[in-house]
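Reading through the structure tokens given below for one structure.
The values are calculated or read from the model by the stated rules, or taken from the named source; none is laboratory data. Only a predicted model underlies this, so the values are computations on that prediction, with no experimental measurement involved. Every residue, glycine among them, receives a Cβ derived from its backbone with ideal geometry; neighbour counts consider all protein chains shown. The protein model used for the area step is the full one, side chains on, heavy atoms only, and it has no ligands, DNA or RNA in it. Shrake-Rupley method; radii C 1.70, N 1.55, O 1.52, S 1.80 Å.
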Amino acid sequence: MTAPRRLLVVDDDLAIREMLDLVLTSEGYEVLTAPHGAEALRLLSQARPSVILLDMKMPVMDGWQFLERYRRLPDPKVPIVVLTAAQDDKNRAADIGADAYIAKPFAIDDLIRVLDQCIRSHDRLCAN
Amino acid sequence: MQAQAGEQTDLFRLLVSSVRDYAIFLLDPQGHIRSWNTGAQRIKGYNASEIIGKHFSIFYPATDIRRGKPDYELRVAIEEGVYEEEGWRVRKDGSRFWANVVITALRDATGTLVGFAKVTRDLTERKQSEEERARLLDLERQARSDAELALDRLRSIQMVTEAALAHLSMGRLLPELLNRIGEILLTDVVAVFMADPDQQRLVLESVTGFPADAPAGARAAIPMGQGIIGRIATERHGIVFDDVPPEALAEPFLNAAGIHSLIGAPLGVEGRVLGVLLVGTRRHRRFIATDLDFLQIVADRVALAVDRARIYEAEQVARREAAEAGYAVRQRDEFLSVAAHELKTPVTSMRGLSEWLLRMADRGTEIEPSQQRRALTMIHRQAQNLSRLVTQLLEMSRLDADRLMLERQDENLTELVRRAVDQAHTQTDQHELTLTAASDVHASVDAFRFEQVVTNLLDNAIKYSPDGGLIEVELTQPVPDRVRLAVRDHGIGIPSEQQARIFERFHQAHKNSHRSGLGLGLYLSQQIVGEHDGSLVAETASGGGTRFIVEIPVASSAPVGSTPA
């Protein structure tokens, strides 16, 4: 496992951003937050996270729009965990290139496990 | 020469006597028959010996003799030289024949009348063929007029049939149709009565030729089975009255219409009676069988048209209701999905935080007091959000049951609004909220409800300005007896096509772009403001964003006379 475990949380809901910031910081992550896709893209131009936690339904630029733009970026990709309340978003998210899916409301243990898996498999891929 | 002349006279006599097709004979100046020929014998039936010497009036019908026609004819011949006519004459056997008659006065060289030459031709056959022709012409004319009448009737029947097929509204069709029937049957009054839905009464649906000043009772519904009209419906067959019986003349409708003769037919379709079609005349009239046939056929078609129009209308209503029901179901489904989504946010936050706290405790990891406080504050705030959502749901079901009761009393709105603004501040780290208010604005409000309104408007302002920015709240008294609260954001605004609908229950102007609450906030707010006798409107603010404006009266308008002493 390599050093920077930086997370980008993209969610329009302050309550979710604050909760994930507090919890995942105490779990040893460095947490960045953005209230919508446009802000997330801006942050990505400055910092490279290990995982992106992405809500789908957001103002300004929603999760789908973000995914499309992100795929077209020249930078190497990082795992994306789709975070949504809508069940039918799961398949669609996989189609469009999300690596994992977790439904709200989720258990913190599950979230942390998914994040660890993503980071590990990504690190393996990068190492290969 | 003499002998030659005598020979010629003999020859001429022979010629005349042998002519078969003309009766040629001589009369003396008084009209007695002097000569006879073969034609005369053949045409009139007498032989020379029995007729010579008789007066020529013997050939005339008795009525002509009484009128002095034979003498008149001779007088004309004397005066004008010749009399000619066609007329009836009588044979020996008493039978008549149609004769062409020419009577010529004969005078000697001195001009003295010596007698008359009479030539008669039997035109009976020609006359008969002429009469036959006239009769045929007459028949043809009659047939033609019958055909025209039948065609006219057929067109009327067709008109009703077409109306039935075209779902024309009977309201538009009936008056025209009744006029048509009246023209065809040459009747004064035409009326349609329709059975009411429970088949108890016949209601006058449309009528022509009915006096405008008839008493109101003349148009009253007629119980089924009662009177002539009521019986047509229950007995289900047409009737004809050349003379309406005296007791029926007392029936209010027939009486007011002044009907003497009538035909009526039931409006029947598939064994059901929908009403009665009636025509009547004010004078005595002998109706013929085809009149009733025609009326019955028209009645059948009217019934069909009415039935189809009703089915069509019922279908339309059912379709509309189904669409409305479908809309209500979709709206409710959508609401439930939105509500579930809204509940998930606070639950996700609370679950995450509490599980994290437990995880720390299980590991025996100490949490910094500041972090612990942050977590608990967040849990607390989300619990508040949850209870607000639950309250909204309850409010909605209460409003459905019309149970929004206000407890109004004098409140310091400046303080109330300030509390709400402070609370809203804790919901956002991206917005700046400012309050401009006079120090002590008072009004009679239900404090709990009014605070809900303010909170809703602030929530909306935060939600719909996702990029943050300034939210300006103003509390003013534009006139001494009114209070005005304005909440203005610099957000995405309300699309103009949505402006009319934002106060509808469950409505979400931006539901496709991001989560936006239960869609109840503005609906509830407007209900609450309305209960305060106030108004809540939205306007697009100059420079972008939206401004919501609440205006309520300072004092509650208690009903007159119920003010407590």
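A count restricted to the stretch B:429-486 and to residues that are under 17 Å from B:Asn412 (Cα atoms) and among the hydroxyl-bearing types (Ser, Thr, Tyr) stands at 5.
For the stretch B:54-64, state whether one or more residues are at pLDDT below 90 and either open to solvent by 50 Å² or more (accessible area, probe 1.4 Å) or over 27 Å from B:Arg126 (Cα atoms) (or both). No; the residues of the stretch B:54-64 include none that is at pLDDT below 90 and either open to solvent by 50 Å² or more (accessible area, probe 1.4 Å) or over 27 Å from B:Arg126 (Cα atoms) (or both). A single member of B:Asp293, B:Asp333, B:Asp300, B:Asp243 is out of contact with any strand residue (DSSP E or B) (no Cβ under 6 Å at 6 or more places or on another chain) and at pLDDT 90 or above, and it is B:Asp243. On the given criteria, is B:Thr365 open to solvent by 40 Å² or more (accessible area, probe 1.4 Å), out of contact with any Leu (no Cβ under 6 Å at 6 or more places or on another chain) and part of a strand (DSSP E or B)? In short, no.
Quick check, is B:Ser349 over 59 Å from the mean Cα position of the chain (by Cα) and either within 13 Å of chain A (Cβ to nearest Cβ) or among the aliphatic types (A, V, I, L, M) (or both)? In short, yes. Contact map, the stretch B:444-457: first residue closer than 9 Å to B:Val417 by Cα, second residue hydrophobic (A, V, I, L, M, F, W, C) and in a helix (DSSP H, G or I), Cβ cut-off under 6 Å, separation 6 or more or different chains; pairs are B:Glu451/B:Leu416; B:Glu451/B:Ala420; B:Val454/B:Val417; B:Val454/B:Ala420; B:Thr455/B:Ala420.
Is there a residue in the stretch B:376-392 that is within 14 Å of chain A (Cβ to nearest Cβ), touching a strand residue (DSSP E or B) at 6+ places or on another chain (Cβ under 8 Å) and either assigned to a helix (DSSP H, G or I) or surrounded by 13 or more Cβ atoms within 10 Å (Cβ to Cβ) (or both)? The answer is yes; a qualifying residue exists.
Residues of the stretch B:410-436 being β-branched (Val, Ile, Thr), surrounded by fewer than 18 Cβ atoms within 10 Å (Cβ to Cβ) and either away from chain A (no Cβ under 12 Å) or farther than 22 Å from A:Ala34 by Cβ (or both), which ones?
We begin by selecting, within the stretch B:410-436, every residue β-branched (Val, Ile, Thr); these are B:414, B:417, B:421, B:426, B:428, B:434, B:436.
Checking which are surrounded by fewer than 18 Cβ atoms within 10 Å (Cβ to Cβ) leaves us with B:414, B:426, B:434, B:436.
B:Thr414, B:Thr434, B:Thr436 - these are the residues of the stretch B:410-436 that are β-branched (Val, Ile, Thr), surrounded by fewer than 18 Cβ atoms within 10 Å (Cβ to Cβ) and either away from chain A (no Cβ under 12 Å) or farther than 22 Å from A:Ala34 by Cβ (or both).
Consider A:Leu53 carefully, then state whether it is within 19 Å of A:Asp109 (Cβ to Cβ), modelled with pLDDT of 90 or more, touching a strand residue (DSSP E or B) at 6+ places or on another chain (Cβ under 8 Å) and more than 9 Å from every other protein chain (Cβ to nearest Cβ). Yes, satisfied. Applying the condition of being hydrophobic (A, V, I, L, M, F, W, C) and buried (at least 16 other Cβ atoms within 10 Å of the Cβ) to the stretch B:462-490 and asking which residue is farthest from B:Gly545 (Cα to Cα) yields B:Val483.
B:Ala218 meets each of the listed conditions (1) over 21 Å from the mean Cα position of the chain (by Cα); (2) farther than 24 Å from B:Arg285 by Cα; (3) aliphatic (A, V, I, L, M) apart from (2).
Selection of the stretch A:12-39 for residues being more than 9 Å from chain B (Cβ to nearest Cβ) and part of a loop (DSSP other than H, G, I, E, B) yields A:Gly28, A:Tyr29.
In summary, B:Lys69 fulfils each of the numbered conditions (1) surrounded by fewer than 19 Cβ atoms within 10 Å (Cβ to Cβ); (2) in contact (Cβ under 8 Å) with a residue 24 or more places away in the chain with the single exception of condition (2). Residues in the stretch B:352-372 that are among the small types (Gly, Ala, Ser) and facing another protein chain (nearest Cβ under 7 Å): B:Gly352 alone. Is it true that some residue in the stretch A:83-96 is at the interface with another protein chain (Cβ under 10 Å from one of its Cβ atoms) and out of contact with any His (no Cβ under 8 Å at 6 or more places or on another chain)? For the stretch A:83-96, residues at the interface with another protein chain (Cβ under 10 Å from one of its Cβ atoms) and out of contact with any His (no Cβ under 8 Å at 6 or more places or on another chain): present.
Counting only residues that are within 21 Å of B:Gly217 (Cα to Cα), not in a loop (DSSP other than H, G, I, E, B) and not aliphatic (A, V, I, L, M), how many does the stretch B:265-286 have? Residues flagged as within 21 Å of B:Gly217 (Cα to Cα), not in a loop (DSSP other than H, G, I, E, B) and not aliphatic (A, V, I, L, M) within the stretch B:265-286 amount to 3. Here the stretch A:107-122 is the region considered, the condition is being surrounded by fewer than 16 Cβ atoms within 10 Å (Cβ to Cβ) and either outside any helix (DSSP H, G or I) or not small (Gly, Ala, Ser) (or both), and the residue that is modelled with the lowest pLDDT is A:Arg120.
Evaluate the following for B:Pro61: is it of a type outside the set (Gly, Ala, Ser) and touching a Leu at 6+ places or on another chain (Cβ under 7 Å)? Considered against the rule, which asks whether it is of a type outside the set (Gly, Ala, Ser) and touching a Leu at 6+ places or on another chain (Cβ under 7 Å), B:Pro61 comes out as no.
Condition check ((1) open to solvent by 70 Å² or more (accessible area, probe 1.4 Å); (2) within 14 Å of another protein chain (Cβ to nearest Cβ); (3) over 38 Å from the mean Cα position of the chain (by Cα); (4) not charged (D, E, K, R)) across all residues:
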| position | (1), (2), (3), (4) |
| --- | --- |
| B:Asp300 | no, no, no, no |
| B:Arg308 | yes, no, no, no |
| B:Ile311 | yes, no, no, yes |
| B:Glu315 | yes, no, no, no |
| B:Glu324 | yes, no, no, no |
| B:Thr345 | no, yes, yes, yes |
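Picking from B:Gly39, B:Gly94, which residue would you name as being part of a loop (DSSP other than H, G, I, E, B), closer than 30 Å to B:Glu131 by Cα and at pLDDT 90 or above? When all the criteria are applied, what remains is B:Gly94.
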